[in-house]
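Each reported figure results from applying straightforward, stated rules to the coordinates on display, with no laboratory input. All of these numbers come straight from a predicted model, not from anything done at the bench. All Cβ positions, glycine included, derive from the backbone under ideal geometry; neighbour counts span all protein chains shown.
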Amino acid sequence: MVRPHSLNPQYLGEPGCHWMTSRLTVGPYGQFMSVGPSGQEPAPPVEALAVALACADLAHIIDLVAYPVPGDPPAVVVRNADGAVRLWLTESGEERHELLTGRDPVGNTDPLAFLPYRLECADPGPDNSRNSYPEPARRLLAFFADPDRSPDLVVVHSPRHYFPEHGGHRGEHGSLDVIQSRAPFLISGAGVRALGLVADHARTVDVAPTLLHLAGVPAEQHRDADGASLDGAARTDLAEAGAGRFVIGLLWDGAHCSDLLSMAAAGELPAVARLLAAGSALTGGAVAEFPSVTLCNHTSALTGVSPGRHGVLGNIFYDRARGERILANDETTWHRSADWLRPGVLTVFEMLTRAQPSAHSACLNEPIDRGATTSTMQVIRAAGDERGAGGLDDLLPAAEDSPYLGQPRHLQDRYYRWCSRVDDAGLGQVLEVFADPATAPRLTWWSTIVTDAGHHAGGPRSEVAQDSLRDADRRLAAFLAHLDGLGVTEQVTFLLTADHGFEAADEAVTGSWAEVLDVACARLGVTYRDEGPGFIYLNP
Ligand SMILES: [Zn+2]
């Protein structure tokens, strides 16, 4: 049993938080100075805060604290109660770990950890010492690369942390760890090698270049507006270029990779199983960018670049240059996604039409739609309602009437109810754009969100999470039946992915770092914003 963290500033005097009492003293100008073993070096407030937060008393809720170290090459320090490491990338992109103290908190970087799936089920929400963190240097450096929007340090929740008072749920994501970062990656259909399950992984930034490859756009054109290479690369090993007449990307928000594949193998998701029978799925899935949250990874999937380049650092972040808190993942702002994209970034739809000017594209139930010929967000923008998607409630079908809803009792969850309506509308839109193959788009992107609702409500493997996958599968089956009726299924290449994974919170693991942050910032003489929570901006 983990005791809840009582909000007591005395924590700062306990072992593990000893920096307050023994390592710092007041310098000649009133600033804090380190008097630790490394000598008389100024302790920047960021490092002092990181040390305060990475204390043993908060270890049950804080998995990692990370902050950038400017320099050439730039580096990131990752700390927790057990140790600290400095990470950087070599010129050829290899990760380097320099142990600073104790045990490397991100020493295990295996992207295929907890596979086969029974290993994950046997050790859900593992502690840091048993966990894995794929590509920590690349992902954290990318996260800290935005000059105005990257925070000064980031606090990563432990997998089991339950924080309903800050918007947390029974199922959560956002961490750097392998399970919350693992989204499915399944390619199927025209031109695809039917390898079944493959012990390998891709990355979320590989989605856009892979879609371009499937649509026949050559690799030298997988570039942003300034001609720079994308961060991701096409999985040319899994599919031929341009073999399908139609390319369809499916994003099932928060769909748990291993549970999806396990349920498909058990015959519980017949439409996914049908795709898998004609394709390949990576058991390590697609590794999400950090943080493993929704809008950051929708944007990475659809631009092929990491958050430090596309600028959508999270669902909520602060922009120092604008002096504005940006609520990017919200029904009132989804249709404004292009407002947050950094200059030079192109969407997959823009890269497609740059290469193939006559190619049409459709982007359904997805915020990141700039450049798509047809999109849901265009309809919302055209409506001109400042409530955005929230203003179109009257246009959505009633949840009770959905023929794809397996368990009506889940409608008691308001988010599940709303997602069911949006997803039925999404199916309606994709059937409409495929009403006639002669006018159907070259590239279609169709997002499904009930899977996020189901996994938040109960965590992975819960009844509600698995029912949400079944509902999504029924909608996909309806679409496949429509394509069968048109006689074009064999001409389609599919890519099924998600934006992140999920882990279950433990309702006994509660607490907040707010008090420690308050006291430490007060003693260091800095003000702060904590967005998320976890994105700490000093003197904002
Ligand atoms: Zn999501």
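Residue 165 versus residue 221, label points 7 Å from Cα toward the beta carbon: distance in nm?
Here the modelled spin labels are 5.5 nm apart.
If you build the convex hull over the alpha carbons only and average its shadow over all orientations, what do you get for the chain? Give it in nm² to one decimal.
Values: hull surface 96.2 nm².
So the mean shadow area of the Cα hull is 24.0 nm².
If you restrict to DSSP beta bridges whose two residues both lie in the chain, what percentage is antiparallel, to the nearest 5? Don't skip to the end; give the middle numbers.
Details: 49 of 72 bridges.
Given both bridge residues lie in the chain, the antiparallel proportion sits at roughly 70 percent.
Could you tally the net charge around residue 205, taking each other residue with its Cβ under 14 Å from the Cβ of residue 205, Lys/Arg +1 and Asp/Glu -1?
On the way: positive: 138, 139, 203, 223, 235, 309; negative: 135, 206, 224, 231, 289, 499.
With Lys, Arg at +1 and Asp, Glu at -1, the neighbours total 0.
Would you mind calculating the relative contact order of the chain from Cα pairs under 8 angstrom and at least 6 residues apart, reporting the percent as a whole number?
Across the chain, relative contact order equals 21 percent.
Multiplying the sequence separation of residue 277 and residue 358 by 0.36 nm and subtracting their Cα-Cα distance, what value in nm do you get? Intermediate values should be presented prior to the final figure.
Values: separation 81, 0.36 × 81 = 29.16 nm, distance 3.24 nm.
Extra length available between residue 277 and residue 358 comes to 25.9 nm.
Taking K and R as +1 and D and E as -1, what net charge do the other residues with C-beta under 15 Å from the C-beta of residue 280 add up to? Intermediate values should be presented prior to the final figure.
On the way: positive: 193, 235, 274; negative: 200, 206, 237, 240.
With Lys, Arg at +1 and Asp, Glu at -1, the neighbours total -1.
Reported to two decimal places, what Rg/Rh ratio describes segment 415-505 when computed on Cα atoms with Rh from the Kirkwood expression? Write out the running numbers ahead of the final one.
Values: Rg = 14.5 Å, Rh = 14.2 Å.
Using Cα coordinates only, the ratio equals 1.02.
Using helices alone, what [θ] at 222 nm do you get for the chain, with -39,500 (n - 2.57) per DSSP H run of 4 or more residues, divided over all residues and rounded to the nearest 500? Display every interim value, and only then the final one.
Values: 15 runs with 145 residues, N = 540.
My calculation for the chain gives -8000 deg cm²/dmol from helical runs alone.
Bin width 10 Å, alpha-carbon pairs only: give the P(r) of segment 221-368 as whole percents, running from 0 to the bin holding the largest distance.
Reading the bins upward from 0: 9, 34, 36, 17, 3, 0.
How do 427-437, 501-511, 306-316, 178-188 rank on mean C-beta neighbours within 10 Å, highest first?
Descending mean neighbour count gives 178-188, 306-316, 501-511, 427-437.
Sort the following peptides by mean Cβ neighbour count (other Cβ atoms within 10 Å, averaged over residues), highest first: 216-223, 458-465. Display every interim value, and only then the final one.
On the way: 216-223: 16.1, 458-465: 21.0.
Per-residue mean Cβ counts within 10 Å order the peptides as 458-465, 216-223.
Any idea what diffusion coefficient segment 387-441 gets from Stokes-Einstein, in µm²/s, Kirkwood Rh on alpha carbon pairs, 25 °C, 0.890 mPa s?
On the way: Rh = 12.4 Å.
My calculation gives 198 µm²/s for D.
Need one number for segment 290-377: average projected area of the convex hull over its C-alpha atoms, nm².
On the way: hull surface 22.2 nm².
One quarter of the hull surface, i.e. the mean projection, equals 5.5 nm².
Give me P(r) over segment 38-189, computed from all C-alpha to C-alpha distances, binned every 5 Å, as integer percentages.
2, 8, 17, 21, 20, 16, 9, 4, 2, 1, 0, 0, 0
Counting Lys and Arg as +1 and Asp and Glu as -1, what is the net charge of the other residues whose Cβ lies under 12 Å from the Cβ of residue 253?
Details: positive: none; negative: 366, 423, 452, 499.
With Lys, Arg at +1 and Asp, Glu at -1, the net is -4.
Suppose the chain between residue 127 and residue 266 were pulled fully straight at 0.36 nm per residue; how much longer would it get relative to their current alpha carbon spacing? Intermediate results must be reported in sequence, preceding the final value.
Numbers: separation 139, 0.36 × 139 = 50.04 nm, distance 2.96 nm.
Contour length minus Cα-Cα distance gives 47.1 nm.
Just need the Rg to Rh number for segment 171-276, please, alpha carbons only, Kirkwood Rh.
Value, to two decimals: 0.98.
Under DSSP H, which helices of the chain have Cα atoms covering 18 Å or more of the helix axis and a Kyte-Doolittle average no less than -0.5? Spell out each step's value before the answer.
Numbers: long enough: 414-433 (29 Å, -0.40); 463-486 (35 Å, -0.16).
Correct list, ordered by number: 414-433, 463-486.
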